[in-house]
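Below is one structure, written out as structure tokens, with a few remarks after it.
The values are calculated or read from the model by the stated rules, or taken from the named source; none is laboratory data. All values reported here derive from a predicted model rather than from experimental measurement. Reconstructed Cβ throughout: ideal geometry from the backbone, glycine too, with neighbour counts over all protein chains shown.
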Amino acid sequence: MELIPAPVTASANPGPGPVLDPDTVLCAGPGTEGVARWLRAALGPPLGLPLDPAPRQPADAADEETADATNSVTLVIDTRLAPEAYRLDAGQKSGIRIAGGSAAGVFWGAQTLRQLLGPQAFRRAPLSARRSWPVPAVSIEDAPRFGWRGALLDVARHFLPKDDVLRFVDLLAAHKLNVLHLHLTDDQGWRLEIRAFPKLTETGAWRARSKEGHRASPLWDERPHGGYYTQDDIREIVAYAAERHITVVPEMDVPGHSQAAIAAYPELGNTDAVDTGSLTVWDNWGISPNVLAPTDTVLAFYERVLEEVLELFPSRFVHIGGDECPKDQWRASAVAQERMKAEGLADEDELQSWFVRHFDRWLTARGRRLVGWDEILGGQRPGGRLAEGATVSSWRGFAGGIAAARAGHDVVMCPEQQVYLDHRQAAGADEPVPIGYVRTLEDVYRFEPVPAELTEDEAARVLGAQANIWTEVMDSRQRVDYQAFPRLSAFAEAVWSPLPAPGARDFAAFEARMSVHYARLDALGVDYRPPSGPRPWQRRPGVLGRPIEGPPPIV
């Protein structure tokens, strides 16, 4: 059983396994109807099987039984299991039974069944007239190690069409990842329709050209670039993800990374320190000096934005960025300095914290929880701290996450040195647009989200982890595929599968299972990086990156 991520336990049952054929029925117990729809839609076309619903049973029959279990797939909820846990049993006499602690657990069990059926089950149509599909006789008991198993997809730097996002959701689901962190705004583009402020997409969603490669590169792609998601597009993405038990967490950057918004509405910027009326959507990478002004007008503007965001995204968590906010314009702005004086703030770092804490309170009052990068911990004063529910995305190493956990905040670990998938995968000259440190498949596989120095209570604050896919040098779905896979497969195992002992993950065994998983990725049409290195069409000769030699600092 070459399963990825590896299950908690798996053992062979005696005798041969069941066989799916045209007479196999799909029996959905109460609460599993959505999983049954997904399973029929996912497995029916590639296997050429109808997977018809089981005949309705008498009212006094047990929900988990069918009249003829020997040729059935039965889905049931068993509340004795943890919500995302599942048990899968397959045998010739018992058929296939998937029990989950909730519909989510049943869904993850259905993903395991799909893997047991082989790479063919990941295609969209039959490859032959074959009409019977054996399933190994197995018993699997499984549950995720972490509740937050995420991936950030940056659609602000390079826009991805809606269908590419839906496809990415399917790839997350196939790996039992359950959070899509959608990075929707930045200096280089605003990607979400806000009906109260149409210029955010009319102007802010488009830039005249793009830097090709790293920001130090002399090369430019002179084509205009842009795009945005309508509110109906977002509703579709959110609903599609929810059917696959994935939560979409939106990110709207404040107060830095905001040049696209200021280009659309110049009054959002520090108008007494810079000519904001001349700003355009930024065409370079890095950190723009143009940040939001700390005014009541700006706060009210973003409250209106967030009102529409909350209508679109039911996620309890809303990410507001809060990172990489240059302070030069605030130092030069009389308005910003007056705000600091009025609020009794000692410096511009405290001003940034004041900005973040405003939206922390605003979201908390509406039953949501703020998430921000680890900079949101800075500039805090006694009596001016973040709400208890504020959650920290620890990206500058582990230090921010450790400090947050010790301060009583929940943490999502996503340290740049380990799980930023825009970083290059090898040191070879053929690696396309080599950015940052080398992060191999094995490096990502050995990622451990919980720092050893945390106590048991502090470690419980680590909700999980996510891999971040920043797209400055990923200008297409093909490039995203290359940077994300197969490393996202390794990450999925790091956050799902139990850790045998510190440092004890068996990479050789993982590589052996990946030899089968590559065929699944092939069937899904993923343009991953092969173990032997980039294929000729995956290389980007002449497009400069920023190689950094030596090991990264761990902070």
Original post:
Scanning for something at negative phi, at pLDDT 95 or above, hydroxyl-bearing (Ser, Thr, Tyr) and part of a loop (DSSP other than H, G, I, E, B), does the stretch 102-110 turn up at least one residue?
Top reply: yes
Original post:
Phe447 is checked against (1) in a loop (DSSP other than H, G, I, E, B); (2) surrounded by fewer than 21 Cβ atoms within 10 Å (Cβ to Cβ) and fails just one. What number does that condition carry?
Top reply: (2)
Original post:
Do you know which residues across the stretch 427-444 are in contact with a His (Cβ under 8 Å, 6 or more places away or on another chain), among the aliphatic types (A, V, I, L, M) and part of a loop (DSSP other than H, G, I, E, B)?
Top reply: Val433, Val438
**OP:** Considering every residue within the stretch 136-151, establish whether at least one is of a type in the set (A, V, I, L, M) and within 21 Å of the chain's Cα centre (by Cα).
**Re:** yes
**OP:** With respect to Ala151, determine if the residue is out of contact with any strand residue (DSSP E or B) (no Cβ under 6 Å at 6 or more places or on another chain) and crowded, with 20+ Cβ neighbours inside 10 Å.
**Re:** no
Subject >> Gly105 being in the same structural domain as Arg37 (by TED's automatic domain parsing) and buried (at least 24 other Cβ atoms within 10 Å of the Cβ) >> reply: yes
**OP:** Within the stretch 149-185, count every residue that is in contact with a Gly (Cβ under 9 Å, 6 or more places away or on another chain) and either among the hydroxyl-bearing types (Ser, Thr, Tyr) or assigned to a loop (DSSP other than H, G, I, E, B) (or both).
**Re:** 10
Original post:
Can Gly34 be described as outside any loop (DSSP other than H, G, I, E, B) and either of a type outside the set (Phe, Trp, Tyr) or at pLDDT 95 or above (or both)?
Top reply: yes
**OP:** Taking only the stretch 440-472 into account, find how many residues are touching a Lys or Arg at 6+ places or on another chain (Cβ under 8 Å) and closer than 21 Å to Leu180 by Cβ.
**Re:** 8
**OP:** Could you please let me know if Arg505 is within 21 Å of Val438 (Cα to Cα), in a loop (DSSP other than H, G, I, E, B) and modelled with pLDDT of 95 or more?
**Re:** no
**OP:** Go through the stretch 42-91 and give me each residue that's modelled with pLDDT of 95 or more, charged (D, E, K, R), assigned to a loop (DSSP other than H, G, I, E, B) and surrounded by fewer than 21 Cβ atoms within 10 Å (Cβ to Cβ).
**Re:** Asp78, Arg80
Original post:
Which helices (runs of 4 or more DSSP H) does the stretch 303-410 wholly contain that include 3 or more residues that are closer than 23 Å to Pro250 by Cα?
Top reply: 348-365, 399-406
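For (1) farther than 30 Å from Asp221 by Cβ; (2) of a type outside the set (Phe, Trp, Tyr); (3) surrounded by 13 or more Cβ atoms within 10 Å (Cβ to Cβ); (4) in contact (Cβ under 8 Å) with a residue 12 or more places away in the chain, each residue gets a yes or a no:
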position: Glu453; (1), (2), (3), (4): yes, yes, no, yes
position: Tyr482; (1), (2), (3), (4): no, no, yes, yes
position: Glu493; (1), (2), (3), (4): yes, yes, yes, yes
position: Ala504; (1), (2), (3), (4): yes, yes, no, no
position: Ala512; (1), (2), (3), (4): yes, yes, no, yes
position: Leu524; (1), (2), (3), (4): no, yes, yes, yes
position: Gly533; (1), (2), (3), (4): no, yes, yes, yes
Subject >> Failed item, numbered, when Ile237 is tested on (1) in a helix (DSSP H, G or I); (2) more than 20 Å from the chain's Cα centre (by Cα); (3) among the aliphatic types (A, V, I, L, M) >> reply: (2)
**OP:** Considering (1) farther than 18 Å from Ser258 by Cβ; (2) surrounded by 20 or more Cβ atoms within 10 Å (Cβ to Cβ), say which one Gln352 fails and leave the rest.
**Re:** (1)
Original post:
Of all the residues that make up the stretch 164-201, how many are closer than 19 Å to Ala241 by Cβ and either free of Cβ contacts under 8 Å to residues at least 60 places away in the same chain or not aliphatic (A, V, I, L, M) (or both)?
Top reply: 11
